[in-house]
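Taking it in order: structure first as structure tokens, then the write-up.
The values are calculated or read from the model by the stated rules, or taken from the named source; none is laboratory data. From a predicted model like this one, the values you see are computed outputs, not experimental measurements. Don't worry about glycine lacking a Cβ; one is built from the backbone with ideal geometry, like all the others, and counts go over all protein chains shown.
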Amino acid sequence: MQSITNRSELREAIEQLKIKREFKAVALKEQFVSTYESFRPVNLLKSSLKDIASSTGLIKYVLGATMAMGAGLLAKKGAENESGNTFKKLLDFIVHQGITAVVKQNPDRIKSFVQHMLEYLFKKN
């Protein structure tokens, strides 16, 4: 910084420091708003899901587990139906077996579909 030798230079230096302070205050406020937005629970969840969606190794495991849980949920729902109607039980069994067969025969297509849906839901605007 220059040495100040008279009052006019002092006033000019003070004005420059005031301008610099105002600029830094605006930048600080903008950074605060940005940080506040990034720490909102919705944005934290959204960024976490984006990280998961972009991780190919992790998404394979997550999708596999999700498909297994979904098939298990369908099986449980079908097993919970304890009505006396034999035809309905048979129909539930056939639907369950059909869904299980589709999941077993097309795991890559299902994973690809779910991955595209996740990318669509969490794409950057």
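Observations, loosely collected:
- Pair list, Cβ < 8 Å and 6+ apart or interchain, from segment 43-68 residues that are exposed (fewer than 12 other Cβ atoms within 10 Å of the Cβ) to residues that are part of a helix (DSSP H, G or I) and modelled with pLDDT under 70: none
- Cβ pairs under 6 Å, 6+ apart, first in segment 1-24 and free of Cβ contacts under 8 Å to residues at least 24 places away in the same chain, second among the small types (Gly, Ala, Ser) and not in a loop (DSSP other than H, G, I, E, B): Ile4/Ala13
- Screening Arg7 against (1) within 30 Å of Leu118 (Cα to Cα); (2) of a type outside the set (S, T, N, Q); (3) exposed (fewer than 10 other Cβ atoms within 10 Å of the Cβ) leaves a single unmet condition, (1).
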